[in-house]
Amino acid sequence: MNRSVPLRSLLTATWLGWKIESNWTDPLLFAIYSIVKPLAAAAILVVMYSIISQADFQSPVFAYLFIGNAFYQYVARVLTGVSWAIIDDREHYRTLKYIYTAPINIPIFLLGRGVAGFLTSSFAVIITMGMGMIFFKLPIDLKTVDWGLFLLALVLGIFMLAMLGLLLAGVSLRVAQHAGGIGEAVGGGLFLFSGAIFPISVLPAWLQPVGFVLPISYWLELIRRALLGPLALQYSTFPALSNVQLLGILIAMTAVWSVLSLWLFRVLEHSAREKGNIDLTTNY
Amino acid sequence: MASLPPIPEKRSGFRLFLMTVLGRSYPRVIGMQREKSWLFFDTFLPMLGVAGYVFVYRALQAPEDYIGFVVVGGAMTAFWMNILWSMSSQLYWEKETGNLPLYIIAPGPMMAILLGMALGGLVATTLRATVIILLGSLLFNVQYVVVSLPLLLLIFFVAMVALYGMGMTTASLFLLLSREAWHIANLAQEPVFFLSGFYFPIKNFPFWLAAAASLLPLTLGLDAMRQLAFATGPSLGFLSPAIELLILVALAAIFLVAARWLLNKMEKLAVREGRLTESRR
């Protein structure tokens with residue numbers, strides 16, 4: 001079949017990413033592996049919340065925290081999935097130089113490597129949300145969920161995360177040491193500043209502007225609004241903004257960050273080629 | 001080709017064991033001094049997690065001691081990460097980079113190599129954990145009410161011996177692993193953060209869950225240290241610090257003996273099955 005270069009790059013990278021992610025064990029163990037980590041992370045927050053609130057799981061505070069934490073899994077897996085491909089292929093498999101000589105589109109190849117992270121995190125998000133609805137009676141009524149808004153926000157958010165991952169991949173190309181820590185540091189920072197598990201207003205006033213320039217803050221808010229409806233407004237980071245305003249901000253920010261990420265990736269990639277970083281191995 | 005200088009004195013027995021321990025711990029301690037940026041990454045990343053959980057408690061308007069629990073728990077995560085990535089997985093990394101056969105053919109005993117890794121890791125990680133506690137305490141204004149500093153230090157020391165004994169035990173198990181080693185170490189992060197009560201007192205668990213979690217040395221170590229360092233600590237403790245200390249002593253002995261036994265067994269098995277030099281990327 002004669003596929004276009006971008007499509008071939010995407011499909012091949014997706015398949016490769018999936019194999020790297022999953023074929024180290026049998027499917028059952030892989031499924032357990034994929035859900036134990038996120039469930040344990042959610043359990044930490046659930047216990048912390050239940051100790052302080054006397055297990056009042058019907059409060060909008062709990063829904064805020066639980067949903068934000070569940071969907072933040074996409075941030076960690078998609079964003080770092082794209083950028084980690086550089087470290088993996090350059091340092092571990094030592095194939096990045098061969099990939100660069102192959103007739104493929106490199107940015108799309110890297111985005112494809114993030115698809116595996118999207119698939120596994122989707123599985124984990126569904127399980128986490130399911131557990132929340134069954135065991136903690138999260139106030140989500142599947143009949144009243146705004147599915148249109150949810151799907152639109154989800155697609156926009158995943159695209160935005162993948163493009164931010166491309167930016168990190170560019171940085172990883174230029175950094176020899178600590179490249180592995182970059183994704184972790186960015187993921188941890190975004191978790192703190194994006195209002196994932198507490199409203200941005202809880203942060204000290206001088207740190208709050210960081211949260212307001214991150215598209216992830218608006219994305220998580222839209223996801224909560226789509227799932228919870230008016231209940232989300234009772235405990236919200238952006239109570240003054242309507243859904244349409246939030247969507248408009250998310251679209252604008254996604255567009256700006258996407259253009260910026262692609263441009264910066266090209267700049268950093270060119271610099272990496274000049275400095276001979278493409279086939280760098282440090283065993284660091 | 002330049003020849004190496006002759007070895008002035010051949011060491012054996014306990015002196016060889018001791019020199020091997022020091023030799024293997026040396027790069028861990030000195031490496032941190034040479035690459036100071038590690039200090040930033042190893043304190044900055046846990047601090048992000050600590051800050052996140054602190055702000056959750058602030059959002060929930062929790063009592064201030066809980067902020068201290070998170071700071072101390074966050075510092076202890078450095079030890080668990082060190083156990084996972086620099087103890088348990090270390091022999092697997094050495095295998096991947098081709099160093100493991102060199103360890104095996106060198107005259108130093110493998111147990112001393114593991115002990116050296118533990119000693120070096122413990123010293124380096126204690127420095128990092130101290131920085132996290134100092135920074136976290138200053139940033140979030142944590143108030144400590146220390147009941148008995150000697151007992152607190154003794155419990156920390158015994159918990160570390162038990163924890164690194166556990167790391168030595170799992171290191172020998174990881175000797176047999178291949179690609180799955182990374183994933184298994186990765187899998188053991190959050191569940192242990194949860195079970196060991198890094199961010200909350202385990203007294204809130206059902207008794208048998210807390211008892212099972214106590215097999216992890218950090219669980220009781222953290223619980224006892226919180227009881228001795230915070231005003232509300234004793235009322236939120238699982239068992240009394242004295243009983244927790246006794247259990248930790250027992251765990252330390254069990255893990256050290258198990259490490260020695262398992263290392264011998266696993267090394268023989270790995271040699272027999274030809275796994276010491278495999279590198280399945």
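What follows is calculated from the coordinates using simple rules that are stated; it is not laboratory data. Here the structure is a predicted model, which means the values were calculated and not measured. So basically every Cβ, Gly included, is an ideal-geometry build from the backbone, and we count neighbours across all protein chains shown.
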Q. Where in chain B are the helices, taken as whole DSSP H runs, whose Cα atoms extend 30 angstrom or more along the long axis and whose Kyte-Doolittle mean reaches at least 0.0?
A. B:13-34, B:37-59, B:110-140, B:149-174, B:241-272
Q) Using the Cα atoms as the points, what is the convex hull volume per residue of the range B:1-127 in Å³? A) 142 Å³
Q) To the nearest 20 debye, what is the magnitude of the charge dipole of the protein assembly as shown about its Cα centre, counting +1 on the Cβ of each Lys and Arg and -1 on the Cβ of each Asp and Glu? A) 1100 debye
Q: Could you tell me which of rounded, prolate or oblate describes chain B, using a ≥ b ≥ c as the square roots of the eigenvalues of the alpha-carbon gyration tensor, with rounded for a/c under 1.5 and, failing that, prolate when a/b is larger than b/c and oblate otherwise?
A: prolate
Q. If the viscosity is 0.890 mPa s and the temperature 25 °C, what translational diffusion coefficient in µm²/s does Stokes-Einstein give for the protein assembly as shown when Rh comes from Kirkwood over Cα pairs?
A. 97 µm²/s
(Q) Which one, B:PRO5, B:GLY121, B:PRO109, projects farthest toward the positive side of the charge dipole computed for the protein assembly as shown from Cβ point charges (K/R +1, D/E -1)? (A) B:PRO5
Q | Sites excluded, trypsin sites (Lys or Arg not before Pro) in DSSP loops with at most 14 other C-beta within 10 Å, longest stretch of chain A | A | A:144-284
**Q.** Two-decimal log10 I(q)/I(0) for the range A:5-275, as the Debye equation yields it once each C-alpha is a single scatterer, q = 0.07, 0.12 Å⁻¹
**A.** -0.26, -0.76
Q | Simple Cβ-charge dipole of chain B, Lys/Arg +1 and Asp/Glu -1, about Cα centre, in debye nearest 20 | A | 740 debye
Q) To the nearest Å, what is the center-to-center distance of the range A:219-236 and the range A:265-284, using C-alpha atoms only? A) 42 Å
Q: May I ask you to list the chymotrypsin sites (Phe, Trp or Tyr not before Pro) in the range A:164-246 that are in a DSSP loop and have at most 15 other Cβ atoms within 10 Å of their Cβ?
A: A:TRP206
Q: Would you be so kind as to identify which of B:LEU228, B:LEU256, B:PRO206 lies farthest towards the positive end of the dipole of the protein assembly as shown, taking Lys and Arg as +1 and Asp and Glu as -1 on Cβ and the Cα centre as origin?
A: B:LEU256
Q: Could you tell me whether the range A:86-190 comes out rounded, prolate or oblate from its Cα gyration tensor? Rule is a ≥ b ≥ c as square roots of the eigenvalues, rounded for a/c under 1.5, then prolate if a/b exceeds b/c, otherwise oblate.
A: prolate
Q | Farthest positive-ward along the protein assembly as shown dipole, Cα basis, beta-carbon charges - from A:VAL155, B:LEU163, B:SER89 | A | B:SER89
Q. Simple spin-label model, 7 Å along Cα-to-Cβ: B:SER240 to A:TYR100 in nm?
A. 6.6 nm
(Q) Rounded to the nearest 20 debye, what is the charge dipole size of chain A about its Cα centre when +1 sits on each Lys and Arg Cβ and -1 on each Asp and Glu Cβ? (A) 460 debye
